[in-house]
1. Could you count how many residues in the stretch 349-366 are of a type in the set (Asp, Glu) and not in a loop (DSSP other than H, G, I, E, B)?
2. Looking at (1) surrounded by fewer than 15 Cβ atoms within 10 Å (Cβ to Cβ); (2) modelled with pLDDT of 80 or more, which is the one condition that is false for Ile189?
3. Taking only pairs six or more apart or across chains, which ones have beta-carbon atoms under 8 Å, a first residue in the stretch 108-124 that is within 17 Å of Leu97 (Cα to Cα) and surrounded by fewer than 21 Cβ atoms within 10 Å (Cβ to Cβ), and a second residue that is at pLDDT 85 or above and basic (Lys, Arg)?
4. Out of Tyr168, Tyr179, which single residue is out of contact with any Asp or Glu (no Cβ under 9 Å at 6 or more places or on another chain), outside the structural domain of Ile300 (by TED's automatic domain parsing) and at pLDDT 85 or above?
5. If you take the residues in the stretch 29-40 that are out of contact with any Phe, Trp or Tyr (no Cβ under 7 Å at 6 or more places or on another chain) and part of a helix (DSSP H, G or I), which one is nearest to Leu340 (Cα to Cα)?
6. What residue, among those in the stretch 1-20 that are in a loop (DSSP other than H, G, I, E, B) and under 22 Å from the mean Cα position of the chain (by Cα), is farthest from Met321 (Cα to Cα)?
7. Quick one: in the stretch 348-373, of everything that is over 27 Å from the mean Cα position of the chain (by Cα) and over 23 Å from Phe310 (Cβ atoms), which residue is modelled with the lowest pLDDT?
8. Quick check: anything in the stretch 150-157 at pLDDT 90 or above, touching a helix residue (DSSP H, G or I) at 6+ places or on another chain (Cβ under 9 Å) and not charged (D, E, K, R)?
Amino acid sequence: MGLTVLSQNELDHLASTSMTAEEAFSYLNNNMMPRTLAGELEKIMEIKGAKKLLIDKLCEYHPDMSRDSVSKKVRGWISGKYEPSDRETYFEICFALGMDATTANEFLSTSSDSGFHYRSPRELTYYFALKTGMSYREATELFKSLPPVPENVDDTDTYTEAFFNKAYKISNVDEFKAYINNNINKMGINHNTAYRYFMTFLKCLTEPDSDFAEYFDASELSDRRISIEDITSEYLRMNIPADTSKVKYNYIQKMIKRYWPSATSIKNMANRTEDIKRKVLILLYLVTEGIAADVNYDIIDDDLPPEEMFKEHYERLCIMMTDCGFALPDPRNVFDWAALYAIRMSNSEEIRDEMQKLINKIFDLPETDMTDDIDE
């Protein structure tokens, strides 16, 4: 899925402009038109009866909830007051509003972190159900009828794209069940390609004596014990507030904080007890200057004009997101805009330093001590 006109305009503006962190902060607050769930729903709600249909269907899916509670929740989504806290709700919205599989994939990509994860039995079932016109109830019943994914399956060589290519051609339930039964040992809820990228990035940071270290200033850690706690503190936290308050932060702050990694979550991702978050991959790309995204890449020439360097980084991010089945970098996504801004402004500074400067402005943090000290 390519960029919309508004997103392309934002990308062109980023590529051709030069802003201080103060100016970027002002632009985010006053000029950017962020993509939001509320905005996506507003477009859908222009269809007569769509709001009532959404409420009716959600009441059907959740008979234990009162209509007033469901209506309040929907009003909150439409007004932008809050967003669903779990991915399943996004699927419920897709079914409730009668989306086809293509429209649902676009909606998921723009409203959540990624489109369908085709190697996940649940998400592949939802894709098939929407493609063939099944209801949400029928889809959940179909999923319940499938065998569970075996534990401790070695799926490191299984690519999500292969499942989509096969599932795209399946047109009836019996064929779908047979396909799942024959391939269940290769399926799983985690993104394998994203995990490979993640571990490559992590190795560059945990083993700073590697060939890549000199390119992103990891050499200062070479004489220390490098733990995930160290890596998270030094490179990934960026002094983002760790509290879970839902009321003290504005929309921009919430979108930056959302899914921001802790040392625990990074450990869980490394151990495969938690799936790789899209935001984590982008952060790791920033702090490693992108050199680990693919070991076959040439190092980006520091002498390239800023616009050309920005274009090269953007294209590499697009390749990585596409490989992983994640949404492409979207300049109307607040976090993505901030990441792309940091890349664009990194002519003489490290990308992570430019990101930190902007984060300092967004959260009103001190200008000094831009990263936490690593514990000795």
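1. Selection size over the stretch 349-366: 2.
2. (2)
3. Matching pairs, first to second residue: Ser112/Arg87.
4. On the way: Tyr168 fails: at pLDDT 85 or above.
Step by step, each of Tyr168, Tyr179 is checked, and only Tyr179 is out of contact with any Asp or Glu (no Cβ under 9 Å at 6 or more places or on another chain), outside the structural domain of Ile300 (by TED's automatic domain parsing) and at pLDDT 85 or above.
5. Result: Asn29.
6. Among them, the one singled out is Thr4.
7. Ranking the qualifying residues of the stretch 348-373, first place goes to Asp373.
8. Step one: of the stretch 150-157, the residues at pLDDT 90 or above are none.
No, because not a single residue in the stretch 150-157 is at pLDDT 90 or above, touching a helix residue (DSSP H, G or I) at 6+ places or on another chain (Cβ under 9 Å) and not charged (D, E, K, R).
The values are calculated or read from the model by the stated rules, or taken from the named source; none is laboratory data. Owing to the predicted nature of the structure, the values given are computational and were not obtained by experimental measurement. Neighbour counts are summed over all protein chains in view; Cβ atoms, including those assigned to glycine, are modelled from backbone coordinates with ideal geometry.
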